[in-house]
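Heads up: the structure comes next, in structure tokens.
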Amino acid sequence: MVFTGFFDTLVGQLGYKELAAAGICNSIFFLVAVFPMGVTMAFATIVGMLQGKNKTSSYNLLARDSALITVGLALVTTLVTYVFIQEFHVFGQTADVAALATPYLTLLMWSMPPMLIFFFAKNLCDGFGFTFGGMVITLAALALNVFLNWVLIFGKFGFPAYGLNGAGYATIISRIFLAVSMLWLMLRSDKVPIIARSFIRSFTDFSRITFFRKIWQIGFPTGLQYFFEVGAFAGAAIMAGWLGSQELAAHNLAITLASLTYMFAGGISAGSSICVAKAYGNGNTTNVKNFGKAGLVIGLIVMIVFASIFFFFNTLLTQLFTDEPRVVLMGSQLLILAAIFQLSDGIQTISIGILRGVADVKVPSLLIFIAYWIIAMPLGYLMSHTSDTTVFWHGVNGIWLGLSIGLTLSACVLSYRFYSLLRNS
């Protein structure tokens, strides 16, 4: 999913203004989408708990209630995105960026429902340990998106050159493919005990147990966690846009690369969460601790590798997106900062997942809010607007330094909380 945004961002080869417009649109889109995406992650956690307690008869009911919540969230988030498009001026972007951004964001809006339907089906499959099918589908969708980007952005095979909007059309088509394929896999695979006929029949019978309350108990705080974090990065993109189009372009290319590496930690977090949830469901505290520790160790090793890549190849990676000298310079500096916070980012993400596995979601939400919105964002704003233009943290660097501090604080308190909960259990 993030690779889709990565290849959309390569429209920077058209110009830094297109790169800036793509960045602000993807930031706004995921600011809206991340809350329902977080809610759908509760589906996998609840499946793990049901497996741990051997409550196999409830799978279809969980799938039904999860589907209804997903559809409701898709309608609401599409409407919210539409309002943002109509009031795009509130983001304070330059006129040339806004002119490119609003039609592209409109196209992204139409990809919201199929994207959330994909996450509904994917998280249920993940909960049953069937992650391979989702991986294959997402890789196929990525290949489709890359091909359509090439065709529609640059005008191949007789198609007009749509430019940035071509990336939007490609995203819609690839996300529809994701939704349809993942639903088919969920209902047809023998590795997922959700039967199509029983799933459809469950919509006519609400006399038995429902999972709405349980989904919201875990999903709502989880959605807030991701909203606070992604909201901070979206806010950082908006603040970078206040500084200028080139600053926004540099921020966008750096955050696109950092988002790619974050997804590897996110995958480890999701796997650790499911394993922890199963152990928690059957009351095995030792396995809860072992799975949590294993997730943190694996995540730390992976993020050290990515940090090294960012540090040693910062300029080369920046030049993938643009050849504008000032944007390359700013982007390469931001990747140095990204290399520094890779470790904190990985530990924080995995800590969130393993805490979710033991149904601890409310306090972590508050801690993440404090780390990002009480400390990181104000600090980033103050440093970026310092009057001394010779210091390293002046401009967009200051925004990223503030985010780095917030990530580090969040990683420390969340990992400490996991071990303190186990110690007191």
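Quick check, is Leu337 more than 30 Å from Gly283 (Cα to Cα) and surrounded by fewer than 19 Cβ atoms within 10 Å (Cβ to Cβ)? Against the criterion (more than 30 Å from Gly283 (Cα to Cα) and surrounded by fewer than 19 Cβ atoms within 10 Å (Cβ to Cβ)), Leu337 does not qualify. How many of the residues making up region 206-239 are out of contact with any Ser or Thr (no Cβ under 9 Å at 6 or more places or on another chain), closer than 12 Å to Asp65 by Cα and in a helix (DSSP H, G or I)? Selection size over region 206-239: 4. So, in region 222-238, exactly how many residues are more than 12 Å from the chain's Cα centre (by Cα) and at pLDDT below 90? Total satisfying the criteria: 6. Restricting attention to region 280-308, the residues that are touching a residue at least 24 places away in the same chain (Cβ under 8 Å) and farther than 30 Å from Gln51 by Cα add up to 5. How about region 207-217: which of its residues are farther than 26 Å from Met37 by Cβ and free of Cβ contacts under 8 Å to residues at least 60 places away in the same chain? Hit for region 207-217 is Ser207, nothing else. Filtering region 347-393 to residues that are small (Gly, Ala, Ser) and within 17 Å of Ala270 (Cβ to Cβ) leaves Ser351, Gly353, Gly357, Ala359.
Listed by first and then second residue, the pairs linking a residue in region 191-205 that is on the phi < 0 side of the Ramachandran plot and part of a loop (DSSP other than H, G, I, E, B) to a residue that is surrounded by fewer than 13 Cβ atoms within 10 Å (Cβ to Cβ) and not acidic (Asp, Glu), with Cβ atoms under 8 Å apart and 6 or more places separating them unless they lie on different chains, are Pro193/Thr56.
What helices (runs of 4 or more DSSP H) lie completely within region 68-154 and have 3 or more residues being modelled with pLDDT of 90 or more, within 17 Å of the chain's Cα centre (by Cα) and of a type in the set (Phe, Trp, Tyr)?
112-127
Residue pairs whose Cβ atoms lie under 8 Å apart, sitting 6 or more positions apart in sequence or on different chains, and linking a residue in region 112-136 that is touching a residue at least 24 places away in the same chain (Cβ under 8 Å) and on the phi > 0 side of the Ramachandran plot to a partner that is assigned to a helix (DSSP H, G or I) and surrounded by 24 or more Cβ atoms within 10 Å (Cβ to Cβ), are Gly129/Ile274. Among the residues of region 223-232, is any buried (at least 23 other Cβ atoms within 10 Å of the Cβ), among the charged types (D, E, K, R) and touching a residue at least 40 places away in the same chain (Cβ under 8 Å)? Yes, because at least one residue in region 223-232 is buried (at least 23 other Cβ atoms within 10 Å of the Cβ), among the charged types (D, E, K, R) and touching a residue at least 40 places away in the same chain (Cβ under 8 Å). Picking from residues in region 344-378 that are over 16 Å from Glu229 (Cβ atoms) and of a type in the set (A, V, I, L, M), the one that is surrounded by the most Cβ atoms within 10 Å (Cβ to Cβ) is Ile354. Among the residues of region 350-358, are any of a type in the set (D, E, K, R) and farther than 27 Å from Tyr16 by Cβ? Yes, region 350-358 contains at least one residue that is of a type in the set (D, E, K, R) and farther than 27 Å from Tyr16 by Cβ.
Each residue in region 355-409 was checked for being aromatic (Phe, Trp, Tyr) and under 22 Å from the mean Cα position of the chain (by Cα), and 4 pass.
The values are calculated or read from the model by the stated rules, or taken from the named source; none is laboratory data. Every value quoted in this text rests on a predicted model; they were computed, and no experiment measured them. In this analysis, Cβ positions are derived from the backbone assuming ideal geometry, glycine residues included, and neighbour counts consider all displayed protein chains.
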